[in-house]
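Below is one structure, written out as structure tokens; the observations come after it.
Please treat every number below as a calculation from the coordinates, not as lab data. For clarity, every value in this text was computed on a predicted model and none was experimentally measured. Don't worry about glycine lacking a Cβ; one is built from the backbone with ideal geometry, like all the others, and counts go over all protein chains shown.
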Amino acid sequence: MTRSSYSMLSVEEALEVTLAQTKPLAPEHRSLAMVRGAILAADIAAQEPLPPFPASTMDGYAVVAADGPGDYPLVGEVSAGALAEFSVEPGTVAYITTGAPLPAGADAVVMVEETERLEMGAGAPLVRIKERLQAGTNVRPIGIDVQAGQTVLAAGERLDAAEVGLLATAGFVDIPVFPRPKVAVLSTGDELVEPGEPLGPGQIRDSNRAMLVAAIYAAGGEPIDLGISGDTQEALEARVQDGLARADILLTSGGVSMGELDLVKPLLEHAGTVHFGRVRMKPGKPVTFATADVEGGRRLVFGLPGNPVSSLVTFYLFVVPALRKMAGWKEPGLRQVQARLAQPLPLDAYRPEYHRATLRWDDGQACFVASSTGIQASSRLLSMRTANALLALPQREGVLAAGECVEALLIGEI
Ligand code: AMP
Ligand code: MG
């Protein structure tokens, strides 16, 4: 039997090696409409206070608080977006809407429910104020929400809906963010046909490419489809060079095991530096990681195993953290929680296993409970269907009993 010349790293070592080779991409500017999900590359400070004027929080009447309850003439109206051209002298009131600037002279707003409009015939209408209130009541002073110069967002933060709202508030429309890494995907194998094709003898459909493209989108990357390469040195080399030229990260699937047509490792040795070629894990042992320096800079290359489950598991464990680090994430690792096993699980004596499971919160036990997705064969993609976690099962003989707690790496929403 031929033995692999690559030493076997633990998953932790392999991840450390991967991240040590991974640098955040150079920041770029993107428009407000296009930043969702990106990581901010610089602090953002508010240029003006919010609100920029003392604003009413109610529909009601602007008053001089010291006047107290009584019947007062209405001197005008001010609604959001306009400035009053009058002032509210003691003994008068003005109608005001939510968000409108408080007129000069007024120092509080009585909400409309605590007032009554008195119909008096000719002359200025009278308004009955029924409530005594403190100066400042129902008024947002200048800068109460955001002060001028205040840092509203810090470099390294992920921009989701609220953060995009803050950028809009602060008037930023051209925002420094880390780019989405471009990730090229190449399937290798003479047996592979496109998903839309009928199967000839000995053929199977290429599941990995469509799957990895979807996974790249979900992880915040920008996929580049390199198609299928047959198992010849020339075909493979041309596609790999194309991928290196166009993408920050190149993923191949297949061709990394020990068969005669497993050409990916030698090719990567030739194109760059292979940092590891075997990892103690199940599934995914032959996963390979290399870097290559080309004109555009340093590229990361992952030779993912061909079996669909191995391909996707190694994508989550190594590619997702690398992609996140490139995209500016400060903590790029998969999130982990503890989960209790819903059923006993067999262990592997030789390799830690990443068992696919569905986590759900159990109210009664006040913890996450992990249910296995069933038979864990690395060719059986059904074992990843509905999985939102990889259970990191320890390498040891025997069985983990139902109810035992394990580390669960999150790969989907809970
Ligand atoms: P390999 O590492 O190339 O020997 O592939 C291992 C197994 O995964 C073989 O059974 C391949 O047919 C299968 N395989 C490789 N690539 C793909 C793919 N893109 N889609 C589905 N199965 C694949
Ligand atoms: Mg193959």
Exposure proxy check on Leu25, Leu159: fewest-to-most Cβ neighbours within 10 Å is Leu25, Leu159
Note, the range 29-36: 3J(HN,Hα) by Karplus (6.51, -1.76, 1.60, θ = phi - 60°), whole Hz, Gly/Pro = x, goes 9, 9, 6, 3, 5, 10, 9, 4
What is the spin-label model distance, in nm, from Ala349 to Glu194 if the labels are put 7 Å beyond Cα along the C-beta direction?
4.9 nm
Loop-resident sites, the range 322-414, for chymotrypsin sites (Phe, Trp or Tyr not before Pro), counting at most 15 other Cβ within 10 Å (DSSP):
Tyr350
Take the eigenvalues of the Cα gyration tensor for the range 109-210, scale each by 5, and report the square roots as semi-axes in whole Å, largest first.
66, 23, 11
Listed by chain and number, the residues whose amide H is under 5 Å from that of Asp43, excluding neighbours fewer than 5 places away on the same chain and using placed H, are Ala155
Springs between alpha-carbon atoms under 10 Å, Gaussian network over the chain: tell me which of Leu118, Leu381, Leu268 tops the mean-square fluctuations.
Leu118
Taking DSSP loops as anything outside H, G, I, E and B, show the longest stretch in the chain free of trypsin sites (Lys or Arg not before Pro) there with at most 15 other beta carbons within 10 Å.
133-329
Where the centre of each part is set by its Cα atoms, how far does the range 288-364 sit from the range 63-98, in angstrom?
63 Å
Please list, ordered by chain and number, the residues whose modelled amide H lies under 5 Å from the amide H of Arg380; skip anything fewer than 5 residues away on the same chain.
Val309
Quick one: 3J(HN,Hα) in Hz for the range 67-78, Karplus 6.51/-1.76/1.60 with θ = phi - 60°, rounded, Gly and Pro as x.
5, x, x, x, 9, 10, x, 7, 9, x, 9, 9
What GluC sites (Glu not before Pro) does the range 76-129 have in DSSP loop regions with at most 13 other beta carbons within 10 Å?
Glu85, Glu119
Quick check: the angle from helix 208-218's long axis to the longest principal axis of the chain, C-alpha only, nearest 10 degrees?
20 degrees
What is the mean projected area of the alpha carbon convex hull for the chain, to one decimal in square nanometres?
29.6 nm²
Using 10 Å bins from zero, what percent of all Cα-Cα pairs in the range 205-266 falls into each bin?
20, 52, 26, 2
